[in-house]
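Inspection log for the structure reproduced underneath, given as structure tokens.
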Amino acid sequence: MERAFPIPNFTRVSRPVNDARYAHIVNICTILVAITSPYWFIHLFDWDQGSAVSFEHTSTIAFLVVPALIAANLLILFTLVRRTPWLWRCMVAGFGLKLASASIYMIVAARLWSWTVDVYGYMFLGTRWATQVEMTGHVTLLKPFWATNFVIMLTGAMELVVGPSFAVLAVVYTLAAFWGQYLVFTAFRSALPRANHRLAAVLIFLLPSMAYWTAMIGKDALLSLGTGLVTYGLVRMSSRLELLGIIPFASGIAICFAARPHIAAIAALAGGIALIVGRNVSGVIGAATRLLSMPLVLGLTIFVGMNASSEWRINDLQSGIVRQESAMQDSSYGGSAFSQSKSLAIRLALAPALIFRPMPWEVRSWQAGLASIEGVGILVLFWRRRKSLALILKDIRRSPLIVYCVLFLFMFIFGVAPGIGNFGLLVRQRVMILPYALLLLCVPSQAEADYSRERTRTGLMWHNT
């Protein structure tokens with residue numbers, strides 16, 4: 001029954017109760033990034049002519065290109081979010097944290113690991129590939145074209161333009177990862193307008209591991225961009241008749257395939273199922289969306305899946321188990337190794353804990369200790385939202401994006417996690433699924449959404465966006 005009179009204006013609440021908490025987190029991060037900026041910004045340029053690498057005539061280019069890239073991207077960011085001040089503040093803090101993470105990553109790689117990291121290999125081999133192209137005038141495509149070889153060729157191609165500069169290439173990859181996170185958040189905000197967008201922004205842009213592990217030359221930055229495009233394209237296709245959504249979706253799948261084919265297969269399959277079972281726009285528009293977009297997505301899914309299975313030589317369940325065991329043995333090395341003696345069944349049972357590990361009792365180094373603190377914090381958030389999460393899973397079909405998030409998590413956790421036997425590798429690879437796990441924490445259950453809608457109708461509910 002409609003109310004016969006409106007609620008007086010003095011009862012309206014302009015902000016949620018916990019807005020101040022999010023604002024404090026953003027302010028603290030902004031202050032820390034600003035205070036430390038002289039240190040990490042200068043160290044971005046240390047490695048062009050340092051002891052680890054001996055590239056010449058790149059520092060001048062780096063000092064010109066890096067500030068220009070930063071300024072241009074900040075301008076684009078301001079243009080996109082200037083009408084939402086809280087999001088602008090959060091994303092600027094996340095932008096600075098991402099750049100600081102790139103510098104810290106290089107410092108750790110040089111001083112702690114003596115450049116025995118993938119980053120140096122990509123840079124060194126990319127420089128050699130670029131040099132060969134310059135000398136011969138012919139572009140040699142490395143085979144297979146994807147995975148490590150793709151990153152080498154992409155890095156070498158960028159070096160042909162800007163020179164072999166760690167600073168420039170690190171910033172380019174870092175910006176690619178940042179915009180991937182932006183696309184995930186934008187898709188979430190569009191698909192679920194009554195969700196907790198402030199919490200989502202803080203978790204996506206300011207979570208340390210999300211900022212750190214994708215802020216460098218390598219597959220992780222490309223996967224951040226690729227999965228962001230897939231998520232954005234899925235929401236555009238599922239929310240209204242907008243077939244142009246297939247462009248970012250297919251582009252994201254292509255980027256994921258070039259970096260890690262099995263992740264592309266997971267993303268494509270999860271997206272295809274989400275379009276089929278999720279509750280899209282109803283009526284003629286919804287039917288037209290499904291009729292026109294689903295064949296394209298399913299065809300892309302089949303193509304990617306077949307090529308990924310061929311790449312990993314997985315033809316049936318038994319070959320998949322063999323691949324898991326092989327991956328486990330290959331990654332179980334060093335002081336961060338774990339679960340070497342556990343069976344596949346036990347590893348599958350422990351796989352859902354991927355998001356929270358290493359646990360405090362599994363810590364063997366200070367790096368694992370930092371990861372453990374973050375994991376415990378995420379575990380606390382999940383525990384506090386456990387009832388809402390159960391209700392969300394019970395009504396999973398109400399949004400294709402929720403279906404996609406859950407399926408992506410499920411397939412990665414049980415398809416990839418059991419083959420990881422090293423905490424360093426685990427912490428790095430789980431950043432691919434963290435955005436989707438964290439977004440579920442920000443989704444209201446149907447009851448919460450109905451309550452929010454009623455409160456908004458009566459004028460009592462604060463507006464989240």
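Look at residue 164 and say whether it is in a loop (DSSP other than H, G, I, E, B) and closer than 30 Å to residue 42 by Cα. Break it down into steps so the answer makes sense when it comes.
Details: in a loop (DSSP other than H, G, I, E, B): yes; closer than 30 Å to residue 42 by Cα: yes.
Against the criterion (in a loop (DSSP other than H, G, I, E, B) and closer than 30 Å to residue 42 by Cα), residue 164 qualifies.
Given the conditions (1) modelled with pLDDT of 90 or more; (2) closer than 24 Å to residue 208 by Cα, and given that residue 371 satisfies all but one, which numbered condition is not satisfied?
Of (1) modelled with pLDDT of 90 or more; (2) closer than 24 Å to residue 208 by Cα, only one is false for residue 371: (1).
Check whether at least one residue in the range 184-193 is outside any loop (DSSP other than H, G, I, E, B), among the polar types (S, T, N, Q) and farther than 30 Å from residue 92 by Cβ, and report yes or no.
Of all residues in the range 184-193, those outside any loop (DSSP other than H, G, I, E, B) come to 184-191.
Then drop every residue that is not among the polar types (S, T, N, Q), which leaves 186, 190.
Of the ones still in play, those that are also farther than 30 Å from residue 92 by Cβ are none.
No.
So which of 253, 247 is surrounded by fewer than 24 Cβ atoms within 10 Å (Cβ to Cβ) and within 19 Å of residue 182 (Cβ to Cβ)? So that I can check it myself, show each step before the final result.
Working: 253 fails: surrounded by fewer than 24 Cβ atoms within 10 Å (Cβ to Cβ).
Exactly one residue qualifies, and that residue is 247.
Between a residue in the range 397-408 that is at positive phi and any residue that is surrounded by fewer than 23 Cβ atoms within 10 Å (Cβ to Cβ) and of a type in the set (Ser, Thr, Tyr), which pairs come within a Cβ distance under 7 Å, given they are 6 or more apart or on different chains?
Correct list of pairs: empty, since none qualify.
If residue 190 passes every condition in (1) in contact with a Lys or Arg (Cβ under 9 Å, 6 or more places away or on another chain); (2) surrounded by fewer than 24 Cβ atoms within 10 Å (Cβ to Cβ); (3) at pLDDT 95 or above but one, which one does it miss?
Tallying (1) in contact with a Lys or Arg (Cβ under 9 Å, 6 or more places away or on another chain); (2) surrounded by fewer than 24 Cβ atoms within 10 Å (Cβ to Cβ); (3) at pLDDT 95 or above, residue 190 fails exactly one: (3).
How about the range 47-70: which of its residues are modelled with pLDDT of 80 or more and of a type in the set (Val, Ile, Thr)?
Our first condition is that a residue be modelled with pLDDT of 80 or more; within the range 47-70, this holds for 62-70.
65, 66, 70, listed by residue number.
Kindly establish whether residue 277 is surrounded by fewer than 24 Cβ atoms within 10 Å (Cβ to Cβ), modelled with pLDDT under 85 and within 17 Å of residue 408 (Cβ to Cβ). Lay out the reasoning, then the answer.
On the way: surrounded by fewer than 24 Cβ atoms within 10 Å (Cβ to Cβ): yes; modelled with pLDDT under 85: yes; within 17 Å of residue 408 (Cβ to Cβ): yes.
For residue 277, the condition - surrounded by fewer than 24 Cβ atoms within 10 Å (Cβ to Cβ), modelled with pLDDT under 85 and within 17 Å of residue 408 (Cβ to Cβ) - is met.
Residues that are under 22 Å from the mean Cα position of the chain (by Cα), at pLDDT below 85 and of a type in the set (A, V, I, L, M, F, W, C): does the range 99-115 have at least one?
Scanning the range 99-115 turns up at least one residue that is under 22 Å from the mean Cα position of the chain (by Cα), at pLDDT below 85 and of a type in the set (A, V, I, L, M, F, W, C).
If you take the residues of the range 426-459 that are among the aliphatic types (A, V, I, L, M) and at pLDDT below 75, which of them is farthest from residue 227 (Cα to Cα)? Before you say what the answer is, go through the steps one by one.
Here is the first cut: in the range 426-459, the ones among the aliphatic types (A, V, I, L, M) are 426-427, 431-434, 437-441, 443, 447, 449.
Still in the list and also at pLDDT below 75: 447, 449.
Values: 447: 30, 449: 27 Å.
Taking the candidates together, the pick is 447.
Has the range 238-260 got at least one residue that is touching a residue at least 24 places away in the same chain (Cβ under 8 Å), among the β-branched types (Val, Ile, Thr) and closer than 27 Å to residue 27 by Cα?
Within the range 238-260, none of the residues are touching a residue at least 24 places away in the same chain (Cβ under 8 Å), among the β-branched types (Val, Ile, Thr) and closer than 27 Å to residue 27 by Cα.
Could you grab the pairs with beta carbons closer than 9 Å, sequence gap of 6+ or different chains, first residue in the range 70-97 and within 15 Å of residue 177 (Cα to Cα), second one part of a helix (DSSP H, G or I) and of a type in the set (Gly, Ala, Ser)?
Going by the 9 Å Cβ cut-off, the qualifying pairs are 91/201; 94/201; 94/211; 96/34; 96/37; 97/211.
Where residues in the range 115-140 are touching a residue at least 24 places away in the same chain (Cβ under 8 Å) and among the aliphatic types (A, V, I, L, M), which of them is surrounded by the most Cβ atoms within 10 Å (Cβ to Cβ)?
Among those residues, the one meeting the criterion is 123.
Considering only residues that are without any contact (Cβ under 8 Å) to a residue 40 or more places away in the chain and within 26 Å of the chain's Cα centre (by Cα), which ones fall in the range 155-168? Before you say what the answer is, go through the steps one by one.
Step one: filter the range 155-168 for residues without any contact (Cβ under 8 Å) to a residue 40 or more places away in the chain, giving 156-161.
Selection gives 156, 157, 158, 159.
The values are calculated or read from the model by the stated rules, or taken from the named source; none is laboratory data. Worth saying up front: this structure is predicted, and the values here are computed from it rather than measured. Using ideal geometry, Cβ is built from the backbone for each residue, glycine included, and neighbour counts are taken over all protein chains shown.
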